Amino acid sequence: MSSTLEKPQIIAHIQKSLNYTVFDSRWIPCSAKFVCMGNFARGTGVMQIYEIQHGELQLVKEAVAACSDVRSEMEALLCRNLEVPECPVYSVKAHKEIINSIDGVGGLGIGDGAPEIVTGSRDGTVKVWDSRQKDTPVVNMEPVEGETKRDCWTVAFGHAFNDQDRCVCAGYDNGDIKLFDLRNMSLRWETNIKNGVCSVEFDRKDINMNKLVATSLEGKFHVFDMRTQHPTKGFASVSEKAHKSTVWQVRHLPQNRDIFMTAGGAGNLHLWKYEYPAQRTKKGADDVDMGVAGSVNLLQNVTLSTQPISSLDWSPDKQGLCVCSSFDQSVRVLIVTKLNTV
Amino acid sequence: MPLIVRDHTWTQNQNTVYISVPLKGVKTANVHVICTDEYLKVSFPPFLFEVFLFGPINEEKSEAKIGNGVAVFTLQKRRDELWEQLFTNIDKDKQKQIREQAILKVQEKEAEKSKAKAARIQQEKKYALETMMKLENEERDRIQKMKNEECARATAEMDFWRETQRKTAEENENQQKLRGTGILDNQPVCQKTECANATPAVTVLHNTGNTTSGQISKKQKPKDLPAPRSAGCIKINFTPRVFPTALRESRIPEEEEWLKKQAEARRAVDTDLAELDDLKEEERNPDWLKEKGDKLFMAGNYQAAVNAYNLAIKLNRKIPALFSNRAACHLKLRNLHKAIEDSSQALELLTPAVAANAPGRLKAHVRRGTAFCELELYVEGLTDYQAALRIDPHNEALRADTDKIREIIQGTT
């Protein structure tokens, strides 16, 4: 019995039912507040800010968007000042179709360099925007002429350890994962994982790229070791099948980059720890260095709801605190214990 | 037939009868006794001893001692009387009856015993189960209690942390106000270190010597951000996929099945034409021939393209694209009548008119319209161009051409 109690426990601390479908929830740094974004049944988008007070969630602010579907069917990219959520700080008509995924780097102490936002859309393009440059993207990754478009489902920044270097990783619905180097403006690596890619994340955005986790349909996820790139074989990876359904989201713990949590389509969360191998590189057949992937251990899992958990976010301030939202119109604040002894 | 034992001995007193039966060397384990109130049978193969008792006995109180080569029975009489002899003389039928009764009785006794045993086992199992359940419930409660404690602790920490955050924010605001009004600002103030580092685990209020000016100037110094990146564009290719849906591993076999069936449906229907024997395997595939024809068209070799399309049509007359493309070739070769025929054929195959075949119909209409105009049949040409415009109203070039034709018609009439 003692061994099960030494494992980290995932405890549902607070649960709140909302009257709209929640697509995403994120913490506001340096505070006990988080933002929930979603859309009402009548189609208008909404953003709400909640604060945790005395074990309950209190609504602090609310903003209703005129356009439908804040996250999906968004035809304008909006950055809003959260103190005054009604007026956007930066607004641009970004893509011809739904923006499926968005990520940011470079402001707020996350990474050095220009503050940039990357968006991935159903029209198959990935665009990088700078809030100081209106109307045109800074970088545009689009298919060549005549190529049939595949939906881009997820984007992530990484490798932003100094002012110039930056990488964008994009996952598509046909299983492609592409890594773009923004310093050289080129495609650095691509691979296909045989299932549509739902979510990609680097373990840290602001370091020399270390690990990348990509989750996909059919309950699989892959962990790539990004320190050593082989010219033909690319990056070494280990893959794991869990969840028995789509893995919607992966998030690394901000305080420990080897622990991450995956959220599944059956309403369950799995907490994993990555173990590095004894040697991270080895010499291949042609005397070129290639990476060695480690192993992934399941620390804990819990089932919270019957609907998919679509988003997950760790609090950057308190270790183990996270907020997750699922399609049963509810948002939950969870506490994961014993993460410092793992 | 078992051997009947007759050399038994017996004694009695007022209330008991003692019978002693020699076992004649048979092991005690093989001795089997059936005893009822009126009858006693001892069988130890190959011997048998049975006696129909003179008077009734109390079977429960009687004893049997089997050992040392002899079986001694101590039978308690029901009625205290001396018996004249050990067994009664009764007739064969009665004997049989008594024997059967005895067997039945023994069986009943056995059944009762086993039932009692089963009931007892059941009882014990139930008890064990209940204790198990109780233990598990306790365990569960204990874990739940731990979780609740953890939750409560976390809530308390959160609240505490939030309060300190709020206090820091207020203090910073106050300092800013003070700074604004120019009051001396090197009083030691209770401050936490930068909020970015604040975690409840490290929640200690420091009386830092930092003056407010140091703190605020750090916040007010703008970060030197690099200029926006110079614009770039990266072209990408996708792993090819026929279906618009997302790729799933479990669906791959079904999808391949479907594609194979589609390809086979397009292949030659009748392969027993004599000339087909000369062709290579790939030349029998209308898809391959169509691609070949397209390539030849792009290269400018229109006659060869027509030949390719001819062969493809011979193999499969149902593909509208073949007719449409052949019409384009004929247009280039100025075989205008043939062009009109082929585009008409293509349009026939492209019924019903749906959004999926709109591009195909557009091309066919435009080609037929062009052919008509080249033959100076402007009215028919205009009909086709108008049909094309209905399919794609936003095409500027098409609109310009239609207007030109209209002018020509109006000019000549």
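The values are calculated or read from the model by the stated rules, or taken from the named source; none is laboratory data. Just so it is clear, the model here is predicted, and its values are computed rather than measured. For neighbour counting, all protein chains shown are included, and Cβ atoms are generated from backbone atoms with ideal geometry for every residue, glycine included. For the accessible areas, the whole protein counts, side chains as well, though only heavy atoms, and no ligand, DNA or RNA atoms are used. Shrake-Rupley method; radii C 1.70, N 1.55, O 1.52, S 1.80 Å.
For the reader, a short list of remarks on this structure follows.
- Qualifying residue in segment A:279-292 (condition: on the phi > 0 side of the Ramachandran plot, more than 14 Å from every other protein chain (Cβ to nearest Cβ), modelled with pLDDT under 90 and surrounded by fewer than 20 Cβ atoms within 10 Å (Cβ to Cβ)): yes
- The test for being within 14 Å of chain B (Cβ to nearest Cβ) and in a loop (DSSP other than H, G, I, E, B) does not hold for A:SER239.
- The set of residues in segment B:391-413 that are under 20 Å from B:ALA327 (Cβ atoms) and either exposed (fewer than 13 other Cβ atoms within 10 Å of the Cβ) or in contact with a His (Cβ under 6 Å, 6 or more places away or on another chain) (or both) contains only B:ALA397.
- Among (1) under 19 Å from A:PRO8 (Cβ atoms); (2) surrounded by fewer than 19 Cβ atoms within 10 Å (Cβ to Cβ); (3) at pLDDT below 90; (4) of a type outside the set (A, V, I, L, M, F, W, C), the one test that A:LYS233 misses: (1)
- Within segment A:318-342, considering residues that are farther than 25 Å from A:GLU6 by Cβ and assigned to a loop (DSSP other than H, G, I, E, B), the one farthest from the other protein chains (Cβ to nearest Cβ): A:GLN329
- Some residue of segment A:169-185 being without any contact (Cβ under 8 Å) to a residue 24 or more places away in the chain, in contact with a Ser or Thr (Cβ under 6 Å, 6 or more places away or on another chain), within 29 Å of A:ASP286 (Cα to Cα) and open to solvent by 10 Å² or more (accessible area, probe 1.4 Å): no
- Test result for A:THR306, part of a loop (DSSP other than H, G, I, E, B) and within 25 Å of A:HIS13 (Cβ to Cβ): yes
- Verdict on B:ARG120 being open to solvent by 100 Å² or more (accessible area, probe 1.4 Å) and either farther than 24 Å from A:ILE335 by Cβ or at pLDDT 95 or above (or both): yes
- The residue of segment B:92-134 that is farthest from B:PHE54 (Cα to Cα), among those that are in contact with a strand residue (DSSP E or B) (Cβ under 6 Å, 6 or more places away or on another chain) and not small (Gly, Ala, Ser), is B:VAL106.
- Residue selected from segment A:6-20 under the condition open to solvent by 40 Å² or more (accessible area, probe 1.4 Å), over 10 Å from A:LEU57 (Cβ atoms) and part of a strand (DSSP E or B), by the criterion modelled with the highest pLDDT: A:SER17
- Some residue of segment B:308-319 being of a type in the set (D, E, K, R) and surrounded by 15 or more Cβ atoms within 10 Å (Cβ to Cβ): yes
- Listed by first and then second residue, the pairs linking a residue in segment B:232-258 that is more than 18 Å from A:ALA170 (Cβ to Cβ) to a residue that is surrounded by fewer than 15 Cβ atoms within 10 Å (Cβ to Cβ), with Cβ atoms under 8 Å apart and 6 or more places separating them unless they lie on different chains, are B:VAL242/B:LEU259; B:GLU255/B:VAL242; B:GLU255/B:PHE243.
- Looking only at residues of segment A:21-53 that are small (Gly, Ala, Ser) and open to solvent by 10 Å² or more (accessible area, probe 1.4 Å), we find that the one that is nearest to the other protein chains (Cβ to nearest Cβ) is A:SER31.
- Only one of A:VAL213, A:VAL155, A:VAL197 that is open to solvent by less than 20 Å² (accessible area, probe 1.4 Å), farther than 20 Å from B:GLU249 by Cβ and of a type in the set (Val, Ile, Thr): A:VAL155
- Flag for A:ASP286 being in contact with a helix residue (DSSP H, G or I) (Cβ under 9 Å, 6 or more places away or on another chain), in a loop (DSSP other than H, G, I, E, B) and more than 20 Å from A:VAL213 (Cα to Cα): no
- Being within 14 Å of chain A (Cβ to nearest Cβ), open to solvent by 60 Å² or more (accessible area, probe 1.4 Å), more than 22 Å from A:SER31 (Cβ to Cβ) and not hydroxyl-bearing (Ser, Thr, Tyr) holds for only one residue in B:GLU149, B:GLU130, and it is B:GLU149.
- Cross-chain or 6+ apart pairs with Cβ under 6 Å, segment A:232-247 first and among the basic types (Lys, Arg), then modelled with pLDDT of 90 or more: A:LYS241/A:GLY219; A:LYS241/A:LYS220; A:LYS244/A:GLY219
- Residue match in segment B:91-98 (condition: closer than 16 Å to B:ASN15 by Cβ and open to solvent by less than 30 Å² (accessible area, probe 1.4 Å)): no
- Single unsatisfied condition, A:GLY107 versus (1) modelled with pLDDT of 70 or more; (2) in contact with a Pro (Cβ under 6 Å, 6 or more places away or on another chain): (1)
- Search result, residues across segment B:19-69 that are open to solvent by 40 Å² or more (accessible area, probe 1.4 Å), among the β-branched types (Val, Ile, Thr) and in a strand (DSSP E or B): B:VAL33, B:ILE66
- Members of segment A:293-313 found to be open to solvent by 70 Å² or more (accessible area, probe 1.4 Å), touching a Phe, Trp or Tyr at 6+ places or on another chain (Cβ under 9 Å) and under 19 Å from A:HIS252 (Cα atoms), listed by number: A:LEU298
- Condition met for B:GLY293 (part of a helix (DSSP H, G or I), touching a Cys at 6+ places or on another chain (Cβ under 7 Å) and modelled with pLDDT under 90): no
- Scanning segment A:54-66 finds one or more residues that are at pLDDT below 85, open to solvent by less than 40 Å² (accessible area, probe 1.4 Å), of a type outside the set (Lys, Arg) and more than 28 Å from B:ALA156 (Cα to Cα).
- Scan of segment B:231-252 for residues that are more than 7 Å from chain A (Cβ to nearest Cβ) and open to solvent by less than 90 Å² (accessible area, probe 1.4 Å), ordered by number: B:PHE243, B:THR245, B:ILE252
- Search result, residues across segment A:125-135 that are at pLDDT 85 or above and surrounded by fewer than 20 Cβ atoms within 10 Å (Cβ to Cβ): none
- Options B:ALA274, B:ALA339; residue that is over 44 Å from the mean Cα position of the chain (by Cα) and modelled with pLDDT of 85 or more: B:ALA339
- Residue in segment B:333-360 that is surrounded by the fewest Cβ atoms within 10 Å (Cβ to Cβ), counting only those that are touching a Leu at 6+ places or on another chain (Cβ under 6 Å) and closer than 20 Å to B:ALA312 by Cβ: B:GLY360
- Some residue of segment B:368-376 being free of Cβ contacts under 8 Å to residues at least 60 places away in the same chain, not aromatic (Phe, Trp, Tyr) and not in a helix (DSSP H, G or I): yes
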